[in-house]
Amino acid sequence: MTSYPEGFLWGGATADFQYEGGFNEGGRGLLSHDFETAGSAEKTRQISLKLKDGSRGTVDYRASLPDGAEACLYDDIYYPSHQGTDFYHHWQEDIKLMAEMGFKTYRFSICWSRIYPNGDEVKPNEEGLQFYDKVIDELLKYKIEPLITICHDELPYHLCKEYDGWSSRYVIDCYVKYAQTLFERYKGKVKYWLTFNEINAVGGYAQIGTHKQDHQTHYQAVHHMFVASSRAIKIGHELMPNAMFGTMFALSEIYPATCDPEDIFAAYCKRRESLFFADVMARGEYPNYTHEIFTRKNVQLHKEPGDDELIKLYPLDFVSFSYYRSTTANKNSDFDIMGGDVNPYCELTKWGWPVDPLGLRFCLNRLYDRYQKPLFVIENGLGALDEVEADGSIHDTYRIEYLAKHLQQIRDAITIDKVDCFGYTMWGNTDLVSLGTGEMKKRYGFVYVDMDDQGNGTLKRSKKDSFDWYKKVIATNGSDLDY
């Protein structure tokens, strides 16, 4: 068997605040990401602030806010999320291009503040729901399965300012009401749902809405997200018995830097610390090693009666994850879940990310061995500089090679290792704004969008060489990965 399983879900993936735009249209409220400035590989993105004394300020987008400071917008600052690459006005054109490639599924996120502008209104914003009605119906017209991320690293600004985001249990109720609104609206149309995105890697005001980013605040916020996810899954299964629910984890592989036993154990601990989140949500309980992590990080988690029982009763139906790179760890490594030391055996992208296709097969096997639940590679792709030739063509052979090598490893994991993986959505199928840097020049897509790092351009869509290559891959169900 040289092709993928019959019915494999081929497609692409995007996030609303990087792609959708239309931030002040259709009744959409302010979103936590709306305050993030652009950045670069050398300069981190910032949250623009109004300081306690009324003056202007900024802070690193993953850092704590100064006491008394609040996020604030300024007319002379460019905020990439406000426009994204304008799917809000190009949705028909973009979905038609997906259909031309032969997409079987499209993973996208609903913008929470487009449905509940403040997050806690009595009734949802009907205009926001109508926008997603059109998007979902257009996908179904082309027989493209919608795969919805309910919350992709964001929440309405009002919930950040007034309730300190996910540090408050109040936000659990707001999220559950929002999720139920989507379920009731789209039952019978949407089968696959993700409750959260990269829940093991979220941090910072823009992603979880907390003013402080210490370990205590972070793990308490994530516990509230665990509870919210299980409550949503409970309601989702009641309303849509045939639906499947997952959460997305950032799970790029971590190798020991050497065969020194201390390095091997250090890498094991780093990997386990990242898998902690999936252990809770897929297995349905906090793992035995929670005590070690919380003791080391001085975390004293507060749970309400019934939290553990709820998490146990409503775990994930499938596990989805992103894979972009691998890193290494040694006994002296000091990095967070998304960090790691450079692997000298891997080539680096222009943004310093190691390229390691075999690591994807490693991840697939590790996850299936651990959970025995269906897997979905929900993000994978190459951020690169794309040049438009004089005739308008874009020869992104480097992206084709990157994707082909990773897809070969998925195929081997399925056909040789017998891993149950049922889908692949390449990240940023249409060019969008980079999450980490806020740039446009760091491009991922099969479709080029004419826009620069400051949001200037015609927004014209153009096919890259990878467009036709991926079309061939889907048409042959992965049996032809030649490039």
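Every read-out reported here was derived from the displayed coordinates using simple, explicitly stated rules and does not represent laboratory data. Everything numeric here is computed off the predicted structure, so don't read it as measured data. Please note: Cβ atoms are built from the backbone with ideal geometry, for glycine as well, and neighbour counts cover all protein chains shown.
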> Using the 10 angstrom Cβ neighbour count as an exposure proxy, how do Ser3, Ser32 rank, fewest first?
Replying inline: Ser3, Ser32
> List the lysines whose alpha-carbon lies under 18 Å from that of Lys297, not counting same-chain residues fewer than 8 positions away?
Replying inline: Lys212, Lys270, Lys331
>> Could you work out how much longer the chain between Thr2 and Ala41 gets when fully extended? Use 0.36 nm per residue separation minus the Cα distance between them, nm to one decimal.
In response: 10.1 nm
> Hey, with R₀ at 45 Å, roughly what FRET efficiency would Asn365 and Asp452 work out to, going by the Cβ-Cβ distance, to 0.05?
Replying inline: 0.65
>> Between Leu348 and Glu121, what is the label-point separation in nm under the 7 Å Cα-to-beta-carbon projection?
In response: 4.7 nm
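By counting other Cβ atoms within 10 Å of each Cβ, how are Ser462, Ser167 ranked from fewest to most?
Numbers: Ser462 16, Ser167 20.
With the fewest neighbours first, Ser462, Ser167 line up as Ser462, Ser167.
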> Does the range 395-483 classify as rounded, prolate or oblate by the C-alpha gyration tensor (a ≥ b ≥ c root eigenvalues; a/c under 1.5 gives rounded; else a/b over b/c gives prolate, otherwise oblate)?
Replying inline: prolate
> If you take the charge dipole of the range 170-242 about its Cα centre, with +1 on Lys and Arg Cβ and -1 on Asp and Glu Cβ, which of Tyr192, Thr210, Ala232 is farthest toward its positive end?
Replying inline: Tyr192
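With r as the distance between the Cβ atoms of Asp391 and Glu162 and R0 = 60 Å, compute the FRET efficiency 1/(1 + (r/R0)^6) and round to 0.05. Walk me through the numbers on the way to the answer.
Values: r = 54 Å, r/R0 = 0.89.
So the FRET efficiency works out to roughly 0.65.
Based on the Cβ-Cβ distance of Asp133 and Asp76, what FRET efficiency does E = 1/(1 + (r/R0)^6) give at R0 = 45 Å, to the nearest 0.05?
On the way: r = 37 Å, r/R0 = 0.81.
Rounded to the nearest 0.05, the efficiency is 0.80.
Classify the range 70-192 as rounded, prolate or oblate from the Cα gyration tensor: take a ≥ b ≥ c as the square roots of its eigenvalues, call it rounded if a/c is under 1.5, otherwise prolate when a/b beats b/c and oblate if not.
In terms of gyration-tensor shape, oblate.
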> Taking the simple approach of a point 7 Å from Cα along Cα-to-Cβ for both Asp468 and Cys259, what is their distance in nm?
Replying inline: 4.8 nm
>> Please compute the length gained on full extension between Asp53 and Asp308, using 0.36 nm multiplied by the number of residues separating them and subtracting their Cα-Cα distance.
In response: 87.5 nm
>> Quick check: residue separation of Thr415 and Lys187 times 0.36 nm, minus the Cα distance between them. What number comes out in nm?
In response: 78.8 nm
> Taking the simple approach of a point 7 Å from Cα along Cα-to-Cβ for both Gln216 and Glu100, what is their distance in nm?
Replying inline: 5.6 nm
>> Nearest 5 percent is fine: what portion of the DSSP beta bridges confined to the chain is antiparallel?
In response: 30 percent
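If each DSSP helix of 4+ residues adds -39,500 (n - 2.57) and the sum is divided by the residues in the chain, what number results at 222 nm, nearest 500 deg cm²/dmol?
-11000 deg cm²/dmol
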> Lys/Arg Cβ at +1, Asp/Glu Cβ at -1, dipole of the range 330-483 taken about the Cα centre: which of Val473, Pro344, Thr437 is farthest positive-ward?
Replying inline: Val473
> What is the magnitude of the charge dipole of the chain about its Cα centre, with +1 placed on the Cβ of each Lys and Arg, -1 on the Cβ of each Asp and Glu, and no other charges, expressed in debye to the nearest 20?
Replying inline: 940 debye
> For the range 159-171, in order, what is each residue's ³J(HN,Hα) by Karplus, 6.51 cos²θ - 1.76 cosθ + 1.60 with θ = phi - 60°, in whole Hz (x at glycine and Pro)?
Replying inline: 6, 6, 5, 8, 10, 6, x, 6, 6, 9, 5, 4, 5
> Which order do Tyr402, Tyr74, Tyr4 fall in if you start with the one that has the fewest other Cβ atoms within 10 Å?
Replying inline: Tyr74, Tyr402, Tyr4
